[in-house]
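What follows is a single structure, written as structure tokens, with notes after it.
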Amino acid sequence: MNLWKLIVLCALPLAFAFGCDDGGSSDADSGPDTDTDSDTDTDTDTDTDTDTDTDTDTDADESTSCEDAIPLPLTGTFQTGELQYPDDEDFFLIEVDDVTWFQAWTDIYDEAVPGQLDSVLTLYNADGSTLLATADDDIPWVGTDSVIITRVPEAGSYCLKIEGWEHWAGQSATETTTDWSYALAGLEIADGVEGWVENAWNPDTEDNDVIGDAQTISLAEASGTTATFTHVYGMADEVDDVDVFTYTQAANNYVTDVHFGKLPGPGGVGEQGNGSTLDSLGVINVSDMSGNIIAQLDAANESYQITVPIEPGDEIAIWIQTPSGWTAEANDFYVVDITNYEEDNPAEEEDPYALADGGPITDGGTADGTNDTTGDAEALTFQDNTMGTTSAFFMGHIDPVGDEDYFSFTATDGDELTVVVGGQRSGSGIRGMNVQLIGPDGTTVVQEMDENATTDVLMEAIAIDETGTYYVHISADSQDANVSSNFYRGAVHHVEGI
């Protein structure tokens, strides 16, 4: 995980961003994107690490290659070990009798413990000569843990390597890593396997290619929270194959994150990949049950995650479509991770979608207040994070096109700011989002346009040379005719006295 991503990964929802670890992640976000490395979703067991898992005292320190790999059973039982130096690698042996879906994951992260190992997992064939899959992060991306979710297409032996992020990425080890210990487990994704989490996995059962035949999926509860999660997985069967899944948003959940899982392919040095032979992961839509598209992503644009407001009790459909022009290969699988959270970024006061007293506004009207001018700008609230800086988070809707939103805050000469705002990349239908940072004298300090679906708007390391009130101004050029949502999420990160 690199430092640049550490700067932007803290652009998260209030509920998930009370701090950031000293690792990083795989992309830059501004919303309740679970690519967070946040400190509030701590060990919520959104993976299949359940209370039935038991740690062992196996020491992998003597395992130096795939030739002397230590057996790792796919039963959810943890093996413990410790990397001996920054470039050390430990190896484990996984054996399967048939085509097998499985996940392997680490249990390292504890927000109260500094200097923990930032792990990376890599899967090879038995002798380590062929790279099959690589995983830097967990899903949801919290802390320094990693998870591979993959399908091996034939019986045999496989080799799993664990190493530190810096070694994997070809960088020097940071002085902040002081604890190189880890716990590692593997689990077959199949009913009846020890350690299986009920309702957490939903295999595609097919004949669900239209919304009228949508496959109803189950949700698991995240331990210690009201959040819910699940995974859907299956095979791409033909060109433009469509798999439609449906579920009802749980009580107290207001935002839904739909993640494509890891990128296709095997990964490599500094790159992730879940091992699928798909060239691309195609299109993913979130719709209501009438087929109205609420949010949309096309993985061809290198965007892999929808994060959309969905109210409790709403029934939604998730559409997964293989890319046009795709040619079938031997292991064309997909894994889609779905997580539903209880909180989102604080909404603008005029927002008709805002939460009022912990619940949605139900009268169909807008909230009191407006933020359409600098004079009516909504003041942002900053909070400390573990980087020793402060951050403020916000969200809103450009509804209709022509709407303008302003947020205000105070900065001092010598401070430094980073501003991140995301819309289209998170599945929103707004197009041509325009973000301005306006200074105390009313002039534009920085202006950036959201011109595609591949990145959020990022204004990084802005040096402040005038004390006073600053404004974030957000507008949009148009609304996608096929996508009804118009939300955005953003954050301002504030460093005093650079």
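Counting only residues that are touching a residue at least 24 places away in the same chain (Cβ under 8 Å), exposed (fewer than 13 other Cβ atoms within 10 Å of the Cβ) and closer than 21 Å to ASP403 by Cβ, how many does the range 458-498 have?
Total meeting the criteria: 2.
Residues in the range 298-318 that are modelled with pLDDT of 85 or more and out of contact with any helix residue (DSSP H, G or I) (no Cβ under 8 Å at 6 or more places or on another chain): how many?
Summing the residues that are modelled with pLDDT of 85 or more and out of contact with any helix residue (DSSP H, G or I) (no Cβ under 8 Å at 6 or more places or on another chain) in the range 298-318 gives 9.
For the range 67-74, check the following and say yes or no: at least one residue is within 27 Å of the chain's Cα centre (by Cα) and modelled with pLDDT under 95.
Within the range 67-74, one or more residues are within 27 Å of the chain's Cα centre (by Cα) and modelled with pLDDT under 95.
Which of the strands (runs of 3 or more DSSP E) found entirely inside the range 133-219 contain at least 1 residues meeting this: modelled with pLDDT under 95, open to solvent by 10 Å² or more (accessible area, probe 1.4 Å) and more than 24 Å from THR277 (Cα to Cα)?
On the way: elements: 147-152, 156-164, 181-188, 201-203.
In the range 133-219, the matching strands (runs of 3 or more DSSP E) lie at 181-188.
Test MET395 against the criterion of being free of Cβ contacts under 8 Å to residues at least 24 places away in the same chain and in a strand (DSSP E or B), and give yes or no. Break it down stepwise before answering.
Numbers: free of Cβ contacts under 8 Å to residues at least 24 places away in the same chain: no; in a strand (DSSP E or B): yes.
So MET395 does not fit the description; no.
Can you spot a residue in the range 440-447 that is out of contact with any Gly (no Cβ under 6 Å at 6 or more places or on another chain), in contact (Cβ under 8 Å) with a residue 24 or more places away in the chain and surrounded by 17 or more Cβ atoms within 10 Å (Cβ to Cβ)? Let's see the steps before the verdict.
Step one: filter the range 440-447 for residues out of contact with any Gly (no Cβ under 6 Å at 6 or more places or on another chain), giving 441-444, 446-447.
Now narrow it down to the ones that are in contact (Cβ under 8 Å) with a residue 24 or more places away in the chain: 441-442, 446.
Going one step further and asking which of them are surrounded by 17 or more Cβ atoms within 10 Å (Cβ to Cβ), we end up with none.
Within the range 440-447, not a single residue is out of contact with any Gly (no Cβ under 6 Å at 6 or more places or on another chain), in contact (Cβ under 8 Å) with a residue 24 or more places away in the chain and surrounded by 17 or more Cβ atoms within 10 Å (Cβ to Cβ).
Here is a yes/no grid of residues against (1) closer than 30 Å to GLY265 by Cβ; (2) open to solvent by 20 Å² or more (accessible area, probe 1.4 Å); (3) modelled with pLDDT of 90 or more; (4) acidic (Asp, Glu):
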{"position": "GLU343", "(1), (2), (3), (4)": "no, yes, no, yes"}
{"position": "PRO346", "(1), (2), (3), (4)": "no, yes, no, no"}
{"position": "ALA377", "(1), (2), (3), (4)": "no, yes, yes, no"}
{"position": "ASP384", "(1), (2), (3), (4)": "no, yes, no, yes"}
{"position": "HIS397", "(1), (2), (3), (4)": "no, no, yes, no"}
{"position": "PHE409", "(1), (2), (3), (4)": "no, no, yes, no"}
{"position": "VAL419", "(1), (2), (3), (4)": "no, no, yes, no"}
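So, ASP240, is that one open to solvent by 10 Å² or more (accessible area, probe 1.4 Å), over 17 Å from the mean Cα position of the chain (by Cα) and either among the aromatic types (Phe, Trp, Tyr) or closer than 30 Å to GLU154 by Cα (or both) or not?
Working: open to solvent by 10 Å² or more (accessible area, probe 1.4 Å): yes; over 17 Å from the mean Cα position of the chain (by Cα): yes; either among the aromatic types (Phe, Trp, Tyr) or closer than 30 Å to GLU154 by Cα (or both): yes.
Yes; evaluated as a whole, the condition is true for this residue.
Looking at the range 260-268, can you tell me whether even one residue there is charged (D, E, K, R), within 23 Å of ASN340 (Cβ to Cβ) and modelled with pLDDT of 90 or more? Walk me through it before giving the result.
Filtering the range 260-268 down to residues charged (D, E, K, R) leaves 262.
Then drop every residue that is not within 23 Å of ASN340 (Cβ to Cβ), which leaves 262.
Narrowing further to those that are modelled with pLDDT of 90 or more: none.
No, the range 260-268 has no match at all.
Which condition number does THR248 fail, the rest of (1) at pLDDT 90 or above; (2) within 24 Å of ARG151 (Cβ to Cβ); (3) in contact with a strand residue (DSSP E or B) (Cβ under 6 Å, 6 or more places away or on another chain); (4) of a type outside the set (D, E, K, R) being met?
(2)
The values are calculated or read from the model by the stated rules, or taken from the named source; none is laboratory data. Here the structure is a predicted model, which is why all the values come from computation and not from measurement. Cβ coordinates were reconstructed from backbone atoms using ideal geometry, including for glycine residues, and neighbour counts include every protein chain displayed. These accessible areas exclude ligands, DNA and RNA; they are computed on the full protein's heavy atoms, side chains included. Shrake-Rupley method; radii C 1.70, N 1.55, O 1.52, S 1.80 Å.
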